[in-house]
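For reference, the structure is listed below as structure tokens.
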Amino acid sequence: MRDDWKRVRVIANYQFGRGAGIALFPEKPEIHYSRTGRIRQILYQGRRIATLKTDGLLTLSIEGAMMLHRYLPYPRMRVVVGDEAARFVRDGKNAFARHVVEVDPEIRAL
């Protein structure tokens, strides 16, 4: 059970594709647990990279998303929106389908 850092790498590879686990967690990350002992927060160099949700998938922080963005070649795992929507997305709001300019055809909903 204390090899949980390997587990989060496997989850990242499943969710984002081969190599994502190493890209997000190049070294053994710091893991924070819930009161019940479940993995919750995954940190690397003191920064939160991801949160493990109750459905078993990761949600990335901005830092984690940037790490993955640097690792994956364009256009993998990307949705490109127009300039008019970019500032809203940057503020944490949603982009509507009409604002999508380009998208990785391999992206699938989980």
Going by the conditions given, is Q15 touching a residue at least 60 places away in the same chain (Cβ under 8 Å) and either in a helix (DSSP H, G or I) or buried (at least 16 other Cβ atoms within 10 Å of the Cβ) (or both)? yes
Given (1) assigned by TED's automatic domain parsing to the domain that holds E106; (2) out of contact with any strand residue (DSSP E or B) (no Cβ under 8 Å at 6 or more places or on another chain); (3) within 23 Å of A109 (Cα to Cα); (4) not small (G, A, S), where does V89 come up short, assuming only one miss? (2)
Just the residues that are surrounded by 12 or more Cβ atoms within 10 Å (Cβ to Cβ) and closer than 22 Å to F16 by Cβ, please, taken from segment 87-100. V89, A95, V100
From the residues in segment 24-37 that are in contact with a Lys or Arg (Cβ under 8 Å, 6 or more places away or on another chain) and assigned to a loop (DSSP other than H, G, I, E, B), which one is surrounded by the most Cβ atoms within 10 Å (Cβ to Cβ)? F25
Residues of segment 38-63 satisfying the condition of being over 20 Å from M77 (Cα atoms), at pLDDT 95 or above and surrounded by 10 or more Cβ atoms within 10 Å (Cβ to Cβ): R38, I39, R40, Q41, I42, L43, R47, R48
In contact with a strand residue (DSSP E or B) (Cβ under 6 Å, 6 or more places away or on another chain), surrounded by 12 or more Cβ atoms within 10 Å (Cβ to Cβ) and either in a loop (DSSP other than H, G, I, E, B) or modelled with pLDDT under 95 (or both), is that true of V8? no
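The values are calculated or read from the model by the stated rules, or taken from the named source; none is laboratory data. Keep in mind the model is a prediction, meaning the values are calculated, not measured. Note: ideal-geometry Cβ built from the backbone for every residue, glycine included; neighbour counts use all protein chains shown.
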